[in-house]
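Presented below is the structure to which this report refers.
None of the figures in this text is laboratory data; all of them are computed from the coordinates on show. This structure is a prediction, so every number in the text was calculated from the model and none was measured. Note: ideal-geometry Cβ built from the backbone for every residue, glycine included; neighbour counts use all protein chains shown.
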Amino acid sequence: MNYWKLGCRWYTNAPLFFDYLVNNKIVISWTDKKFGINDIVLLTDGYTAIGIARVKSNPISIVDLPHYKNDFDELEIPSNDKNLLVFDAEFYELNEKDQFLYKLQPGIRQIQKQEIIDIINKLIISNKKMAQIEDKIKLLKYKKQIILQGPPGTGKTREAKL
């Protein structure tokens, strides 16, 4: 598994395309910077980390996906370049308190700094825990009663009090 950084603006004052990626559950890259399945992509606006994605598919050339053309043109993403690749992805949006600065060159770059990789992994784990808690809350609102099972000291009572 590799860690990457993807800037979500092509240049200063260009439209931010982060929300578009999240809504369509995709990330983009170039043929010379091809992501692998389960690679982690840190999404940034300038130097500010605003989201994390996990790659879920092999790449598809943008020329094979004409339904993205108009939106990509509007967002100033080069939709006619056969070297532009699109990957399916799952996202973890970072709330304001989890956003951090990562001063790396603009564009798509592989992340080498272990401290940044550690921050990303910590945020992914935190996001997964919150998603599990939200699922339990939805279940409780729907079902009203559930039986929590597990050995002593695993947080059943604490979870129930939420």
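So the values come out like this:
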| read-out | value |
| --- | --- |
| Electrostatic dipole magnitude of the chain [Cβ: Lys, Arg +1; Asp, Glu -1; Cα centre; debye, to 20] | 1000 |
| Reference-scaled alpha-carbon Rg (2.2 N^0.38 Å with N residues) for the chain | 1.23 |
| For the range 55-98, alpha-carbon Rg over 2.2 N^0.38 Å | 1.41 |
| Approximate spin-label separation residue 48-residue 1, in nm, with each point projected 7 Å along Cα-to-Cβ | 2.7 |
| Set of lysines near residue 141 by C-alpha distance (under 22 Å), chain-local residues within fewer than 8 positions excluded | 128, 129, 156, 161 |
| Selection from 110, 65, 100, by position along the positive dipole direction of the range 57-115 (Cβ) | 110 |
| For a label point 7 Å along the Cα-to-beta-carbon line of residue 34, residues of the range 51-65 with backbone N under 12 Å | 58-61 |
| At R0 = 35 Å, FRET efficiency that the Cβ-Cβ distance of residue 115 and residue 154 yields, to 0.05 | 0.70 |
| Computed over the range 1-135: relative contact order in percent, which uses C-alpha pairs under 8 Å that are six or more apart | 31 |
| Sequence-distant residues sharing a close amide H with residue 44 (under 5 Å, placed H) | 6, 7, 8, 50 |
